[in-house]
Every structure is written in C-alpha cells, then in structure tokens.
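Peer 1: Take a look at this one; I'll ask things after.
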DNA sequence: CGACAGCTTGATCGGAATCAACTTTAGTGG
DNA sequence: CCACTAAAGTTGATTCCGATCAAGCTGTCG
C-alpha cells in the first residue's frame, strides 16, 4: 500500500509541433495556440501535487495518469488520460494531483497566462473539461458502489473501443466477439485506479481466466474471448 | 440499497433575477447572460439522467446533488453542489446524472445554444468546471481509499468554512474550537455520497458522539466540539 | 393518539484486505 | 548464453471492516 517512490523527471526534446489531436469533436487543438510539444519517458513525472501550476497541458500522444497520495502512502489514481485530454488546470495556484506518464508521451504545453487571454482556448477547455467530468462521475460510481469483479470488468471494457456504452454496437461479427488489448498499467496502478489491492486485482483476473472470459497471454496482453460476457459483469446491465 | 423513488418535479415561479452568485472569484455570473431564474422545492428533480440536455444551470441559492443509478438500484451521489456551481453540461446530448435539490433552490437556467455563442460564458464555464474537477478528484480519494470513519470525518469537515484545507487557519479561539452545523442531507443521501450504507454512517456518527468529538442535537443539527480532533480523523494528516 | 418515515442499535455474514510464500518475467553482467 | 538478481505477479490462509438482516427507537404530522 505504501507508495513513496519518487518518479524520475523525464526531460525530453522539444519538437517543433505535435500531432493533430482533437478533444472530442473540437477542431481547435492546443498546438494551434503556440506553446511547445514536450516528450516524456515512461513513468516520468510531469509535475507533482502541490507544485505551483504554471502551464496547461494537452496529451498529444501516449498515456498519462493523475493521482493523489494520502500522507500514509495510500494512493488513488483519479484519472487515466486519453489523447486530447487536458490537465494541469488547478484553480488556485497549486496542482491538485501528480501527473505521471504510463507510456512515452508527447504533451503540448501552454503557459497559463496565455490560456487566460484566448477565447478559443477557453472554449476548447470548457469542452474538454466537461468531457472529463463525465468520466469522473462514472468513476465515482465504480469506486463507491461496484464490487471488485465489476470494477475490473468495467476497467477492461473501457479499453474496448465502441463497446459497453449506451450506444454499444454489439459484436461486429456475432460468431467472434473477441478483442485483443494491451495494458499500459501495472497491477499496482490498476489497483490504485480501481480502489482495490494488487492481490484482489490479480485474483479477479485469474477468476475471469478460469471462467473462460479472458485469456492472459502476457501480464499486459489480454485477449477477451467474449466481450459481451465481460460487459454483463460491469454492473451496468 | 434499492433506491427507486421518483422525485416530484418542482415547478417554481420564475423570478426576474437571481442573487449575485459568483463562481470562485469570477465576476461574471449566469444571471448577466439572460436565461431565467427558476425556483425548485426540496427534493425536486431538475432533470433525469438520460434526459436530453437542453440548458446549462447555475446554482444561485440552496443545495443540489447529482447522482447516478445502477440498474439494480444502487445509487452514487457524485457531487453535492455549492452556490455558484454549474451543472447540466453533458458532452453529447444526454445528461449523465440526475440533478435533485436537497433544499429549496434557485437555479439560473441558460439555453445551451446561448452558451455556445458567448465567450464570457465559456470562460466562466471553464473556471467553474476546473474548480469542480478538484472536488471530484478529492472525492475519488475518499471513495477509493478512505475508511468509513475517515469518510464521515471528511464529509463533516467540508461543512466547516475555512478549515481542513491546506490553508487551514486553525481555531479562531484556541479555547473554543467548536462549530455548529446543519445537515441538509438525510442519512441515506450521506451514505450514497460517501459510498457507505445508512447503518454504517449512523454507527460512525454514534461513535464520534461516544468519543466526545461531536454532539448530535437533532439528527440534522450537529455540534462539533473539537474541529481539530475531527480533522485529524480525515486521513489527510 | 396512532402511523409512518427516518434513524439507531445489535447479531451475523461475507468480500476484500492483509500477511506470507511462491512463481514468473525482465534486466544485468560475467 | 546462462547465472544471478530484482521486480512484478500469483496464490493461499487468515483477519477484519463494512454490508446485510432484523428489531427497536424517535420525532413528525394527521
């Protein structure tokens, strides 16, 4: 439970321009507003909880998690960010979370003063934040009301595109409702995201394996045999 | 656990203009941008999860909670809104939560199309959302990592102004570190907010009473004898 | 006064945490 | 390439906190 490792700060090269990420269906991206694209290594800390907030960040490539620590070392991962998500926005002047990469990542960084002045940036910001807010609401349900099995099932379903939502398409091929996915998080990170212990996460995964719902090729390579079955276990059906 | 009561829709009178609420330190308020102020009774549903999102709401007076239900009736209260908070913003076209008043409340309602067009509204929006986001992050820590006692202690501390934060002032009078507060939520609502059962909330409150940390005058009137002692129990020290 | 909703308290149960080995994988250097 | 080591993951035994089940209590309103 005690998690007191101090991540190494990844100081990457400054690229001329990031990709062309979009936040939801917003055409405007951070890269259109100046700032600089910065590359971070895996498990690099972009900033620490409590650091003065100087910039706004947009995830352009890769994966980043935000987490908070309690003084005794308990950790809660509060968000796992997707491409296009915005972070570093702390009302007040201190970051409320630590931001750490899960993979190599490219981040577009814009000075906060610059953000203040741009109507377009404010608009993009509002769009992205309300999007992220929905994710946080759903995560609160997971943390507050779901069983360990439901949490892990929900977590895995989130990694399957176009499935599990209200607008779930159902299996593309009714005879082969399978999907291969790669986990970019360790068991510890998953546990801290789902509000469980590493042992419980491991046990639930083994249980899903035993039931034939998934196949674990390597610890981070998981084959979902029946996406629909897994979806039934999320507590949302 | 099953919570399938359907709230009565409160249809209040339309006032000419709301108060002068501010979101954090933002000067602009919704009432400056047209729309209408609507009054709702206690326990009135403003909108349901899944309803088409047509307007943006700003809480001007009173208290509102947002919650989500699982199909089997499990409920999670995801936010308890304060004056100045904004809600009803669903990316996509459906509300992701149900909004229900905890008290009589006045709400400033603005058409979403109107919001799209106003730079000032977008700016206010971004400000408020990032503020609410911080609250959601802290709540995720509570739900994912805190014990029942820590949850209840954290909940009560949130109701004491200027205490418990990083910038906690400490007791104004060192000889009298007490505070009187009124709960606007039933035990069930508190339980659903804290991810606990009604019995556990009740037991923790009784335990705090036994320990002399609080005094319960009526179920919804609580006197904190020693704010600092309570704060020590939040898990954040 | 009686009825009902909200709250409290007690007894018991169960799911996830904890504690402790053990296994597997990845990384290092001879 | 393989031996060694460290880190990550799995599995088992046990404990414990909070859920569940079941009464009883309290305050409010007709």
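Okay, residues lined up against (1) more than 16 Å from DNA strand C (Cβ to nearest atom); (2) more than 30 Å from residue A:65 (Cβ to Cβ); (3) part of a strand (DSSP E or B):
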{"residue": "B:121", "(1), (2), (3)": "yes, yes, no"}
{"residue": "B:124", "(1), (2), (3)": "yes, no, no"}
{"residue": "B:129", "(1), (2), (3)": "yes, no, no"}
{"residue": "B:152", "(1), (2), (3)": "no, no, no"}
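Peer 1: Let me ask something additional. Among A:189, A:199, which is surrounded by fewer than 22 Cβ atoms within 10 Å (Cβ to Cβ), at pLDDT 95 or above and either over 17 Å from residue A:66 (Cα atoms) or within 20 Å of the chain's Cα centre (by Cα) (or both)?
Peer 2: A:199
Peer 1: Can you name the number of the only condition in (1) buried (at least 22 other Cβ atoms within 10 Å of the Cβ); (2) at the interface with chain A (Cβ under 8 Å from one of its Cβ atoms); (3) under 17 Å from the mean Cα position of the chain (by Cα) that residue B:134 fails?
Peer 2: (1)
Peer 1: Can you tell me which residues in region B:137-149 are surrounded by fewer than 20 Cβ atoms within 10 Å (Cβ to Cβ) and in contact (Cβ under 8 Å) with a residue 24 or more places away in the chain?
Peer 2: Residues satisfying the conditions are B:147, B:148, B:149.
Peer 1: Mind checking which pairs have a first residue in region A:162-175 that is in the same structural domain as residue A:139 (by TED's automatic domain parsing) and a second that is surrounded by 11 or more Cβ atoms within 10 Å (Cβ to Cβ), Cβ under 7 Å, 6 or more apart or different chains?
Peer 2: Close Cβ pairs satisfying both conditions: none exist.
Peer 1: What number of residues within region B:219-237 are more than 14 Å from chain A (Cβ to nearest Cβ) and under 21 Å from the mean Cα position of the chain (by Cα)?
Peer 2: So the count comes out to 8.
Peer 1: Mind counting the residues in region B:187-210 that are part of a helix (DSSP H, G or I), more than 7 Å from DNA strand C (Cβ to nearest atom) and within 14 Å of chain A (Cβ to nearest Cβ)?
Peer 2: The total comes to 7.
Peer 1: Could you tell me whether region A:168-182 includes any residue that is within 17 Å of residue A:222 (Cα to Cα) and either buried (at least 22 other Cβ atoms within 10 Å of the Cβ) or within 16 Å of DNA strand D (Cβ to nearest atom) (or both)?
Peer 2: Yes, region A:168-182 contains a residue that is within 17 Å of residue A:222 (Cα to Cα) and either buried (at least 22 other Cβ atoms within 10 Å of the Cβ) or within 16 Å of DNA strand D (Cβ to nearest atom) (or both).
Peer 1: All but one of (1) farther than 30 Å from residue B:233 by Cβ; (2) away from DNA strand C (no atom under 16 Å from the Cβ); (3) free of Cβ contacts under 8 Å to residues at least 60 places away in the same chain hold for residue B:111, so report the exception by its number.
Peer 2: Residue B:111 satisfies all of (1) farther than 30 Å from residue B:233 by Cβ; (2) away from DNA strand C (no atom under 16 Å from the Cβ); (3) free of Cβ contacts under 8 Å to residues at least 60 places away in the same chain except (3).
Peer 1: Tell me the residue from B:164, B:235 that is buried (at least 19 other Cβ atoms within 10 Å of the Cβ), within 16 Å of DNA strand D (Cβ to nearest atom) and on the phi > 0 side of the Ramachandran plot, please.
Peer 2: Sole residue among the options that is buried (at least 19 other Cβ atoms within 10 Å of the Cβ), within 16 Å of DNA strand D (Cβ to nearest atom) and on the phi > 0 side of the Ramachandran plot: B:235.
The values are calculated or read from the model by the stated rules, or taken from the named source; none is laboratory data. Source: prediction; values computed, not measured. Cβ coordinates were reconstructed from backbone atoms using ideal geometry, including for glycine residues, and neighbour counts include every protein chain displayed.
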